[in-house]
Structure formats: C-alpha cells, structure tokens
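Contents: one structure, followed by commentary.
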Amino acid sequence: MNKSIPVTSCDKPQTPWLNVNEAINRMTSAVKKTQETEVVALRDALNRVLAKEIISTINVPPYANSAMDGYAFNSADLPSSGENTLTLVGKSFAGIPFEGKVKSGECVRIMTGAQIANGTDTVIMQEQVQVNGNAVTIKSGHCKNENVRHIGEDIKDGDTVLKPGQQLTPAELGVLASLGIAEVTVQKQIRVAFFSTGDELRNVDETLEEGQIYDSNRYTIFGMLKNLGVELIDMGIIPDDRQAVEDAFKQAAKNADAIVTSGGVSVGEADYVKETLDKLGKVDFWKIAMKPGKPLAFGFVDDAVFFGLPGNPVSVMATFYQFALPTLKTMMGLNITKATVVKVACKTDLRKTPGRTDFQRGILQTNEQGELVVESIGMQASHVLSGMSKANCFIILPQDWGNVEAGTLVDVQPFRGLM
Ligand code: AMP
Ligand code: MG
C-alpha cells in the first residue's frame, strides 16, 4: 500500500510549473533525427545507431548440426523397447563433415557443431550409449531429432534481423558477424558542445582561492555524453562576462548539433546566459516541477539544440538523465524506450514537500529475503554530488506526495546501466 502523508508546504509553486512528462514531450518533439549516415567496419559499429535494416541472406545455422558430442543415426533405428546395436562407420567433426551416407543399422561419431551426416536425423549423447569397438548400443527412451540443431533455427534467409534506430551492443555485433556482415550503415554521431558558466569555477589542475570551487559539472556531463556515444566538444569554463558568454554560444552553435551548459539559468545578477540567449536564440526558460533541478532552459541557438541545465551538480545529472538523454537520443536516431521503473518497498522514511516530482537518490539492492528494496542515501540536497555516486537509482516521488513512511511502495528508476 502506498502511504503518503500530505504536509503543509512553503515550497508550493506560485504559478503553474511545467511537469516533468510535459517537458520531456516538448523537448523530444522539438528535435529531429540526424539524416547523416556512414558505413563503418563491424567493430567500429559498437554502441552506434543502426541506420538501415539488416536482412539476412543466409540461414543461421547454415546446416543442421549436433548440439552434443555423441552418435548420429537415423531415427528409424531407435528401439521402441530394449536396445539396438548399430555399427560405427565414420565420424563427423566440426568443420570436417562425414562424406558418405549412413545406412540403416549404422551410426557415426559426431561432435558438437558438426554437420548432421547424410542419412541421420538424431544424436544420442556419448554418456548415454555403450561402445564396444565398432558396436554402439543405444537404448529406448530417445526421440527423433534429439540433440539436432536445425538449419535456420536461429535466423532464416530473408528474415529482418535488425531495424534502424537500434543501438548496436555486443549481442548485435555478434549477430551481424553470424551473418557474415563486415560493414554496417550507422547514423553519424551528433556533435555536442558543452561548457560551464560561473566566475567561481576553476579547472581541476588549478589551485582554489577563497570563494572558488572546482568545475565538477563538466565532468559529469562529459561522462554522460561519452556514454551516450556523441562527438564531444569541450569548451571549458566560461566566465560570467557578457562578451565571453556570447562568443561561447556563437562558437558552439557554429560547431555543434547540440549545446549543453550548466549554471546561469536561474535568475542571478551576474549570469549573462539568459540575456545572451534572448539575443541569439529561441530559448524557453522553464521552471520544472521537479526536485532537484527546477530551472531549465531549452530551445535553439541558430540550428543547434540548446539545453541549459541548472548549476547545482545533482540537478545537472537529474535533468540530463530525464530531459537531455531522451532528446539527444531522438537526435541520434535512437529508438527511445521508456526508462525502466520498478516498484519496490522503501526501507527508510523520506522527507518530501508536495508540489514537485522528487528524484531522490537511493540505493536499490536485494535484502536477505531476496527481495528488491530501496533506501535513501541520506542527505538529498542538490549540491551533494557525492550522494549521486553512492546512489544507483532515483526514487521518483509523485508531485502531490508529501513525506513517505518506511515500507511504502515507491517508483525506482535505476541509473547505473541506464545508458
Ligand atoms: P547558478 O545556476 O550558476 O547560479 O549555479 C547554482 C549553483 O551551482 C552554485 O552554487 C554554483 O556555484 C554551482 N555550480 C554552477 N556551475 C557549477 C559547476 N560547473 N561545477 C560545480 N558547481 C557548479
Ligand atoms: Mg553561475
């Protein structure tokens, strides 16, 4: 049973905010799939997006073969009771088939993957027969076609095997190899420029002075983009300076299909991001009814799609996963599947104020009874990036929920292995 306790809130939106699903829909429907494709060698196709369907021109397996090491013979020789002794007349090994024809009363030694010899249709595994010189005794209780892998059982000549929009994982690489396909047509990688904004930010190789912090967002963004499989253009840290911000946006729009920035989208005095985007682009500034990550900008700078993520490090990751990920996938030509969400019991109480959808950070694991359970990582503030590292999932709490009691069933979205 879900138990949510409504509480009075001082965090209620004054004006209606955009809800999470509405924002996802607006963003994914505003962008188009890249039209550019390229042909790459099979290994280079790993993690790329297939652009043309794959139709098989062969059967896999290409010939009937044995699933076991054993003896092959014709099923007409199977005894209905008692036993039958067959004469061993040869062998069929993987890659070296038996060349003759097996007659009634005969059998051949056969190995796993070896072609089913002419005249045979059944294999009994070696542990289940008695061999005495050339005499092979089989018992009753077996059936026709036992241990035979049929031609085309995996893939048939003419089958549509893979469809455009599919990401090529190790399994697809193997399937393509099984069809003898050495090159594939994939979508060209989209180019994504990213930079951080803020006078307080320093690079990791610099020494911090009073009032400064390291730029961590550019590293989480780098990681998420890299895992997604886009071409990266890292533009570094852009100071809170009108000209620098404008130059950065112009350069990014010239070189990239999409731009991802962090910081400067909430209204702060020294943030020139909004001012510049009002001048250069068609960008909406939204307040999304989610926590973390309320402010978010989305739109276009010239032809480049722009994601203005908030500055707080946890908000960056949460908004990237929820919004930038499905939108960039759409641009990449990747079929977007709904993120996996499972309902599990939460072991801990959760604090929540009604009004926004919470993406609290949690740890999803199996308890001693073998059941999946989730617990909060503890401190849920949007600047606590270490919590994102401790967590393996978001605990998604609906907009209208208040505090949650331990034992409540909650929606959990795993984010390790999400991409
Ligand atoms: P802003 O939206 O620019 O006002 O930033 C909100 C908060 O996020 C501030 O505490 C910033 O210092 C912090 N922040 C902004 N950008 C970064 C970044 N690249 N790395 C780490 N923290 C950041
Ligand atoms: Mg800032």
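The values are calculated or read from the model by the stated rules, or taken from the named source; none is laboratory data. No experiment lies behind these values; they were computed from the predicted model shown. Because the Cβ atoms are built from the backbone with ideal geometry, glycine has one as well, and the counts that use them run over all protein chains shown. The accessibility values were calculated without ligands, DNA or RNA, using every heavy atom of the protein model including side chains. Shrake-Rupley method; radii C 1.70, N 1.55, O 1.52, S 1.80 Å.
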ask   = more than 13 Å from ligand 1 (Cβ to nearest atom), at pLDDT 95 or above and under 18 Å from VAL316 (Cβ atoms) - does that describe any residue in the stretch 235-247?
value = no
remark   = Checked pairs for the stretch 378-402, first under 20 Å from ALA339 (Cα atoms), second open to solvent by 40 Å² or more (accessible area, probe 1.4 Å), C-beta under 7 Å and 6 or more apart or across chains, list as ALA391/ILE363; ASN392/ILE363; ASN392/ARG416; ILE396/VAL341; ILE396/ASP411; GLN399/ASN19
request  = Just name the residue that is farthest from the chain's Cα centre (by Cα) out of those in the stretch 202-223 that are farther than 13 Å from PRO313 by Cα and of a type in the set (A, V, I, L, M).
outcome  = LEU208
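Please state which one of LYS91, LYS103 is basic (Lys, Arg), assigned to a loop (DSSP other than H, G, I, E, B) and either surrounded by fewer than 18 Cβ atoms within 10 Å (Cβ to Cβ) or in contact (Cβ under 8 Å) with a residue 24 or more places away in the chain (or both).
Selected residue: LYS103, the only one of LYS91, LYS103 that is basic (Lys, Arg), assigned to a loop (DSSP other than H, G, I, E, B) and either surrounded by fewer than 18 Cβ atoms within 10 Å (Cβ to Cβ) or in contact (Cβ under 8 Å) with a residue 24 or more places away in the chain (or both).
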ask   = With respect to ALA244, is the statement that it is more than 28 Å from PRO398 (Cα to Cα), more than 12 Å from ligand 2 (Cβ to nearest atom), more than 32 Å from the chain's Cα centre (by Cα) and aliphatic (A, V, I, L, M) true?
value = yes
message = Condition check: within 16 Å of ligand 1 (Cβ to nearest atom) and open to solvent by less than 70 Å² (accessible area, probe 1.4 Å). Does PHE195 satisfy that?
response = yes
ask   = Do the conditions hold for GLU38, that is, is it under 30 Å from PHE298 (Cα atoms), open to solvent by less than 70 Å² (accessible area, probe 1.4 Å) and in contact with a Ser or Thr (Cβ under 8 Å, 6 or more places away or on another chain)?
value = yes
key: Filtered residues of the stretch 205-230 (kept if more than 9 Å from ligand 1 (Cβ to nearest atom) and within 29 Å of LYS329 (Cβ to Cβ))   = PHE222, GLY223, MET224, LEU225, LYS226, ASN227, LEU228, GLY229, VAL230
remark   = Being open to solvent by less than 40 Å² (accessible area, probe 1.4 Å), at negative phi and among the acidic types (Asp, Glu) narrows ASP358, ASP303, ASP349 down to just ASP358
task = Would you confirm whether any residue within the stretch 258-275 is among the acidic types (Asp, Glu) and either under 29 Å from ARG361 (Cα atoms) or without any contact (Cβ under 8 Å) to a residue 24 or more places away in the chain (or both)?
result = yes
inquiry  = Among the residues of the stretch 362-372, are any in contact with a Phe, Trp or Tyr (Cβ under 9 Å, 6 or more places away or on another chain) and either under 26 Å from ASN217 (Cβ atoms) or at pLDDT 95 or above (or both)?
reply    = yes
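Considering every residue within the stretch 313-320, establish whether at least one is among the polar types (S, T, N, Q) and free of Cβ contacts under 8 Å to residues at least 60 places away in the same chain.
Yes, because at least one residue in the stretch 313-320 is among the polar types (S, T, N, Q) and free of Cβ contacts under 8 Å to residues at least 60 places away in the same chain.
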query = Where residues in the stretch 247-264 are out of contact with any Gly (no Cβ under 9 Å at 6 or more places or on another chain) and within 14 Å of GLU231 (Cα to Cα), which of them is nearest to ligand 2 (Cβ to nearest atom)?
reply = ALA252
query = Looking at the stretch 269-291, which of the residues that are away from ligand 2 (no atom under 14 Å from the Cβ) and open to solvent by 50 Å² or more (accessible area, probe 1.4 Å) is nearest to ASP247 (Cα to Cα)?
reply = LYS279
query = Are any residues in the stretch 106-140 without any contact (Cβ under 8 Å) to a residue 40 or more places away in the chain and touching a strand residue (DSSP E or B) at 6+ places or on another chain (Cβ under 7 Å), and if so, which ones?
reply = GLU106, CYS107, VAL108, ARG109, GLN130
task = Please work out which one of (1) within 24 Å of PRO239 (Cβ to Cβ); (2) in a strand (DSSP E or B) is the condition THR276 fails and give its number.
result = (2)
inquiry  = Looking at (1) under 26 Å from LEU334 (Cβ atoms); (2) touching a Phe, Trp or Tyr at 6+ places or on another chain (Cβ under 6 Å), which one does LEU280 not meet, given that it meets all the others?
reply    = (1)
